[in-house]
Amino acid sequence: MKRHHMAAVAAFSCTTLALAGCGQGSAVSSSLDDCVTDADTCNSGERAEGGEITWAIDAGWNSWNQNTADGNNAYVSLALSGSWPYTGQFDQNGDFIVNEGLFAAEPELVSESPVTVEYTLKPGANWGDGTDITVDDFIYHWYARSGNEDLCAGCTPATTTYGSQVAAIDGDGSTVTITYVDSYHSAEWKYEEVLSLPSHVADEQGFDWKNDPAAMAAAELYFSETAPTWTTGPYKVDDAAMGDYVIYTPNEDWAGDTDVTLDKITFRVIEGLENIVTALRNGEIDGSSPFSATSEAITQLETAEGLSYSVAGGPNWEHIDLNTRNEFLEDQALRTAVFQAIDLENIIERTYAFVQSDIERKNNHLFRNGSEYYTDYLTATGQGTGDIEMAKATLDAADYEWDADGNLLTPEGDKVELNFRYLETRESRKITGELTAATLSDLGIQVELKAIPADALGSVLAEADFDMINFGWSSDPLFVGSASQYWSSESGSNFGHLEDPDLDALIEDINGTLDMDDAAARANEAVKRVIEDAYVLPIVDAPVMVMVSDRLVNVRDNWASQQRAAYNIAEWGVADTE
């Protein structure tokens with residue numbers, strides 16, 4: 001039996017919206033209308049020399065260090081897009097483009113046993129202060145993400161998928177060679193992130209990181225707390241405040257080939273999508289690529305002049321996670337029943353469908369709907385169907401009971417009560433919480449809704465300060481490392497602390513082949529196991545929007561990059577109207 005609960009959501013005014021926004025920009029040179037068919041070239045145009053841009057980010061951050069679980073945040077990733085040393089970026093077609101400011105060519109596989117990869121640094125690649133990038137910087141990154149107490153004592157890396165697999169790193173001039181352990185056979189070896197922070201800065205601060213694991217951890221803390229004065233990108237940080245803003249000016253030492261034209265870019269946090277739209281309409285900012293979209297925002301943008309926007313499924317997949325260290329949710333049977341009682345179609349109908357009419361429920365944790373590797377393992381389990389009777393049967397079989405008032409009791413007679421946490425600036429997540437609480441009340445579970453301040457999501461997750469939580473993972477076309485980051489017992493990003501040896505073994509197996517098809521099949525085995533554990537319930541690949549002043553060119557969204565519209569920040573510019 002399914003019971004549908006209503007939430008107050010404004011009516012959607014553009015019923016034809018599916019992949020693109022229905023508003024029109026006033027200048028052809030900066031229109032986003034072609035982004036559905038020409039996603040990687042829309043809004044192209046000649047740039048004028050000079051100009052300043054202010055770009056809004058829809059939430060803050062509480063760490064500058066993306067190596068750490070606390071700093072593994074899409075918002076700081078966007079804020080540092082002008083300076084962070086990414087190996088490369090995927091474009092809107094899923095094609096990998098190596099970082100032009102770092103490497104002279106794509107990484108080269110020079111041995112399959114053990115897997116050995118060679119990197120050739122671009123002449124002049126440096127940290128924005130004249131200090132060349134060296135093999136020590138690769139070694140620093142390895143230690144930071146190793147998960148090995150002998151290398152970094154007390155560190156909490158966001159993922160150890162890469163660092164735990166490195167056996168040695170050697171350098172000879174501009175050539176750096178990474179040799180992996182014998183068991184490493186990742187099909188995604190080419191895309192590993194191999195750089196993050198400048199080792200020479202750690203040296204200058206007095207951290208003997210190479211020889212002292214505690215000093216290495218202290219260096220990581222320093223980089224977490226300190227706004228970067230270094231850069232490998234087209235811009236350098238001129239001023240910054242944690243979780244508030246980053247101001248960039250051109251990096252004169254950048255080794256990339258693309259000419260930078262802007263004089264200044266300011267990334268500024270504005271909480272709430274409606275506030276971002278208002279700021280754009282008032283000319284306070286020039287654009288934004290928030291991780292959400294609402295019908296109200298679209299209505300406001302439709303009537304604005306000099307602006308363009310588009311809406312599409314983005315890189316962020318929404319999900320509900322359970323904390324397995326909760327006294328009730330440590331029981332797999334209860335977790336299963338909770339997920340069976342949640343009505344995802346009702347949630348989607350009351351939230352995401354208002355801005356993307358053809359949006360589909362996500363039924364695979366690692367592969368997007370439409371991927372060649374996508375398989376639906378969820379439907380057969382009843383998870384996400386809102387089937388209260390199925391959920392009750394699951395609990396009956398596990399010796400749960402209900403008291404005279406309909407409250408669910410554990411086999412030991414304890415009343416089951418949970419909380420549900422969500423980011424306060426996300427209306428869709430608030431509604432998801434309300435609808436979840438309503439359906440779980442039909443199961444006899446009382447749910448307390450607890451909002452999370454805009455800048456506190458990272459700490460809430462890191463401290464596991466939740467029973468149930470709705471948040472999003474920002475993903476890209478890769479999948480080999482994702483399962484380990486999300487669910488490995490040793491992962492700092494396994495926020496609900498699932499410990500499943502069988503799942504750990506399946507995750508390790510994903511990393512045992514260089515063949516992409518084989519790796520995908522192994523990844524799907526891990527997905528099936530996560531579903532059996534009733535640990536994470538996917539909702540949708542969330543629709544997102546990009547909104548841009550028509551005075552800008554070469555600014556467009558990119559679902560395949562955590563940096564979204566800032567993936568090609570070096571190409572951003574003010575339209576040359578002469």
Estimated distance in nm for a label pair at S111 and Y373, the labels positioned 7 Å out from Cα along Cα-to-Cβ: 2.7 nm
Loop GluC sites (Glu not before Pro), region 230-310 (other Cβ atoms within 10 Å of the site Cβ: 10 or fewer; DSSP): E252, E305
Accessible surface of region 400-490, 1.4 Å probe, proportion on carbon and sulfur as whole %: 37 percent
Under-28-angstrom lysine pairs by C-alpha in the chain, whenever the two are 8 or more apart or on separate chains: 27
Per-residue ³J(HN,Hα) for region 186-201, Karplus 6.51 cos²θ - 1.76 cosθ + 1.60, θ = phi - 60°, Hz, x for Gly and Pro: 5, 5, 10, 4, 5, 9, 4, 7, 10, 9, 8, 10, x, 5, 5, 5
Rounded to the nearest 20 debye, dipole of region 482-527 from Cβ charges on Lys, Arg, Asp, Glu: 200 debye
Amide H within-cut-off set for I57, under 5 Å, with H built and near neighbours excluded: R268, V269, I270
Placed amide H near S310: partners under 5 Å, 5+ positions off or other chain: G21, V546
For region 180-248, convex hull of alpha carbons as volume per residue, Å³: 142 Å³
Among [x] 138; [y] 166; [z] 153, the entry derived from the coordinates for volume of the Cα convex hull per residue in Å³: [x]
Rounded to the nearest 10 Å², the accessible area of D259 at probe 1.4 Å: 110 Å²
Carbon + sulfur, % of accessible area of region 47-101 - ligands and nucleic acids excluded, 1.4 Å: 41 percent
Cα shape, region 322-470, gyration tensor, a/c 1.5 rule: oblate
In region 316-381, the trypsin sites (Lys or Arg not before Pro) that fall in loop regions by DSSP, at most 15 other Cβ within 10 Å: R325
FRET efficiency for E389 and S357, using Cβ-Cβ distance with R0 set to 30 Å, rounded to 0.05: 0.45
Residues with amide H under 5 Å from that of N419, placed H, sequence gap 5 or more: E448, D467, M468
Estimated FRET transfer efficiency when R0 is 51 angstrom, pair E52-T175 (beta carbons, to 0.05): 0.85
Length-normalised contact order of region 423-492 in % [C-alpha pairs under 8 Å, at least 6 apart]: 31 percent
FRET E, pair Q205, D129, Förster distance 22 Å, beta-carbon r, rounded to 0.05: 0.95
Computed label-point distance, nm, for sites L449 and S183 using a 7 Å Cα→Cβ extension: 4.5 nm
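Just how large is the dipole of the chain about the Cα centre, in debye to the nearest 20, putting +1 at every Lys and Arg Cβ and -1 at every Asp and Glu Cβ?
1220 debye
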Karplus (6.51, -1.76, 1.60) ³J(HN,Hα), θ = phi - 60°, over region 332-340, in Hz, Gly and Pro reported as x: 4, 5, 5, 4, 4, 5, 4, 5, 5
Rough spin-label spacing in nm, given labels placed 7 Å along Cα→Cβ, for E417 and N275: 3.2 nm
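The values are calculated or read from the model by the stated rules, or taken from the named source; none is laboratory data. What you are looking at is a predicted structure, and each value in this text was computed from that prediction instead of being measured. Cβ sites come from the backbone with ideal geometry, for glycine too, and all protein chains shown count toward neighbours. Side chains are part of the model used for accessible areas, which takes the heavy atoms of the whole protein and leaves out ligands, DNA and RNA. Shrake-Rupley method; radii C 1.70, N 1.55, O 1.52, S 1.80 Å.
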